[in-house]
Amino acid sequence: IRSCLGLKWNFTADELFVMPDDGFRSELVRGEIRRMPPAGSEHGAVIMNIGTALHQFVKAHGLGVVFGAETGFKIASDPDTVRAPDLAFVRREQIPEGGIPRGFWPGAPDLAVEVVSPGDTYTEVEEEVHDWLNSGTRMVLVLNPRTHTVAIYTSHTNVVKLTESDTLDGGEVLPGFTCRVAELFI
């Protein structure tokens, strides 16, 4: 859809994929491009803590692939939505026979991990969680560096909150995976 000025209001996943790099991470939410400024140091350290633990477990057990923050997942069409979690896991059984696609991943990951950034609002985080769950993601982890907590979503109504004294486990998505919550934060 174009306005009388020729400005595009609804973008597609294909158009997002070929846009030049402007130094920002971008997502496409119901046809609207949303730019995200680079996150702070604490955010990056928390991602590495959870990412290292997840990657080592997944690789050691041959379970699939862990993806980093620059990976887009096309989770809706017409209008298109491409979300990029801070980390994601896709089971081996979900990987296409031809291998990992060059473009956006077609569909939802089994696990999406979001680390709350200093500028994130509660509404923005909740919207992301709902988008992941609505698209078929089986588990969403929301790590909050401010409160040193982890919220585990396996449905819109099944939410478990963990504190630093708790142990995170992979549930049905990553059976056998465990990590002390206190180890995820700095």
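The values are calculated or read from the model by the stated rules, or taken from the named source; none is laboratory data. Every value quoted in this text rests on a predicted model; they were computed, and no experiment measured them. In this analysis, Cβ positions are derived from the backbone assuming ideal geometry, glycine residues included, and neighbour counts consider all displayed protein chains. Side chains are part of the model used for accessible areas, which takes the heavy atoms of the whole protein and leaves out ligands, DNA and RNA. Shrake-Rupley method; radii C 1.70, N 1.55, O 1.52, S 1.80 Å.
Name the GluC sites (Glu not before Pro) in the stretch 106-186 that are in a loop by DSSP and that have at most 11 other C-beta atoms within 10 Å, would you?
On the way: sites: GLU114, GLU124, GLU126, GLU127, GLU128, GLU164, GLU172, GLU183; in loops: GLU164, GLU172.
Loop-located and lightly packed - GLU172.
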Open item on the list: I want to check the label-to-label distance for GLU32 and GLN56. Put each point 7 Å from Cα in the C-beta direction and report it in nm to one decimal.
Closed with: 4.1
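Where Rh is the Kirkwood radius over the Cα pairs of the stretch 115-186, the temperature 25 °C and the viscosity 0.890 mPa s, what D in µm²/s does Stokes-Einstein return?
Details: Rh = 12.7 Å.
Value of D from the Cα-based Kirkwood radius: 193 µm²/s.
Give me the accessible area per residue for the chain, probe 1.4 Å, as a whole number in Å². Display every interim value, and only then the final one.
Numbers: 10170 Å² over 186 residues.
I get 55 Å² per residue for this part.
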- [ ] Give me the Debye-computed log₁₀ of I(q)/I(0) at q = 0.16, 0.21 Å⁻¹ for the stretch 1-137, equal point scatterers on Cα only, no solvent, two decimals.
- [x] -0.89, -1.42
Open item on the list: Compute the angle between helix 41-61 and the longest alpha-carbon principal axis of the chain, please, reported from 0 to 90 degrees and rounded to the nearest 10.
Closed with: 70
TODO: Provide the per-residue ³J(HN,Hα) series for the stretch 121-132, in order, calculated from phi with Karplus coefficients 6.51, -1.76, 1.60 and θ = phi - 60°, each as a whole number of Hz, with x at glycine and proline positions.
DONE: 9, 4, 4, 5, 5, 4, 4, 4, 4, 5, 4, 4
